[in-house]
Amino acid sequence: MRKKGFTLIELLVVIAIIAMLMAILMPALSKVKKIAMRVVCGTNLKGLGTAQTVYANDYDDEYTVQGQGNSSLTWSYQTTSNFAEPSVPWSSRSQLTVGASLYLLVREADVSPKSFVCPASDQHEYDGWNASNYDIVELWDFGAYIPNNPIWGNGGPKNCVSYSYHAPYKGAAASGTGTGSKSSFAANGTLSAAFAVMADKNPWFDPKIPNTGAAGANGQNYKDYVAGIADDWTTGNNPEDWQIDIANAQPHDRDSQNVLFADGHSANLDRTDVAVKNDNIYTIHTTAT
């Protein structure tokens with residue numbers, strides 16, 4: 001009597017069907033995963049907006065701006081000097097990062113460092129490690145970013161913060177101008193609903209900005225290529241697709257970014273020219289039309 005079972009051909013057919021189904025389903029599953037990460041990313045941003053409001057309630061409608069009063073401070077993307085020394089006054093510090101301002105939400109508004117990380121990004125949660133074993137709420141920034149350093153190189157806001165923050169400081173390290181004074185462009189709790197307070201990380205920091213369609217667009221000249229997008233729209237000239245793409249956030253495949261506005265609402269938007277007077281959210285509005 002013949003034993004019941006599958007023949008080799010039947011098994012191969014079943015395997016082929018399974019493979020075809022996987023090929024069909026995997027892109028869909030991947031898309032669902034990306035959408036889920038985008039939602040979590042936007043939820044984090046919304047939570048940071050709520051935390052800014054909580055902070056502003058205690059500080060006369062002011063959002064977080066660290067280091068005010070020290071005109072000798074310079075703006076750095078790498079590290080805040082003496083970030084792990086609670087006893088060092090700000091008058092004795094030489095530089096600070098935008099992360100130092102956002103870190104005030106950890107210190108003052110009970111925000112977890114995990115909330116600053118978009119799951120679709122290449123950043124990671126700051127673990128609070130410091131040589132003096134201070135508590136995380138005693139520190140002043142998300143660690144230190146020191147390239148090629150086995151201890152510090154994995155920290156700093158560059159590696160632990162997935163979101164940009166609207167121009168809190170006056171001046172820049174490159175120009176040698178002190179950042180101790182708050183920028184006139186800094187966000188606060190009294191601005192209009194059109195003002196973009198935070199967003200997914202500025203694409204300028206993405207080392208993989210594509211060159212296709214652009215005459216060598218990269219992380220160094222990024223702003224030159226995208227700053228005029230809003231002007232193009234208002235004058236009836238549509239910007240090219242590559243301009244819009246490189247202006248969008250890298251963690252979301254450059255098709256959008258999450259944006260937090262001054263009234264506390266957040267949205268996922270497929271263009272960056274969405275702020276006051278439709279200027280690009282990653283550049284400061286000028287007097288141009």
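The values are calculated or read from the model by the stated rules, or taken from the named source; none is laboratory data. Note that the structure is predicted; figures quoted are calculated from it, not measured. A quick note on method: Cβ atoms are made from the backbone with ideal geometry, for glycine too, and the neighbour counts reach across all protein chains shown. SASA here: full protein model, heavy atoms, side chains in, ligands and nucleic acids out. Shrake-Rupley method; radii C 1.70, N 1.55, O 1.52, S 1.80 Å.
Around T53, with a cut-off of 12 angstrom between Cβ atoms, what is the net charge of the other residues, counting Lys and Arg +1 and Asp and Glu -1? Write out the running numbers ahead of the final one.
Numbers: positive: K46; negative: D58, D61, E62, D263.
Its environment carries a net charge of -3.
Need one number for segment 41-162: average projected area of the convex hull over its C-alpha atoms, nm². Intermediate values should be presented prior to the final figure.
Details: hull surface 30.1 nm².
It is 7.5 nm².
Can you list, bin by bin at 5 Å, the percent of alpha carbon pairs in segment 30-105, starting at 0?
Per 5 Å bin, starting at 0, the Cα pair percentages come out as 3, 14, 18, 17, 14, 15, 8, 6, 4, 1.
For a 24 Å ceiling on Cα separation, which of these pairs sit above it: K114/K277; K31/K201; K31/K158; K33/K114?
Numbers: K114/K277 33 Å; K31/K201 21 Å; K31/K158 27 Å; K33/K114 19 Å.
Table pairs above 24 Å Cα-Cα are K114/K277; K31/K158.
Heads up, I need the accessible area for H265: 1.4 angstrom probe, whole protein in place, Å², nearest 10.
Its heavy atoms expose roughly 70 Å² to the probe.
Using θ = phi - 60° and the Karplus relation 6.51 cos²θ - 1.76 cosθ + 1.60, list the HN-Hα couplings for segment 139-144 in order, rounded to whole Hz, with x at every Gly or Pro.
With coefficients 6.51, -1.76 and 1.60, one gets 7, 10, 6, 7, x, 10 Hz.
5 Å is the cut-off here: which amide hydrogens, built 1.01 Å from N in the peptide plane, fall below it relative to S181, excluding neighbours closer than 5 in sequence?
Residues meeting the criterion, in which the H sits 1.01 Å from N, are G69, K170.
How many nm is it between the label spots at K31 and D127, if each spot is 7 Å from the Cα in line with the beta carbon?
3.8 nm
Can you pull the accessible area of V98 for me, 1.4 Å probe, Å² to the nearest 10?
V98 has an accessible surface of roughly 30 Å² with all protein chains in place.
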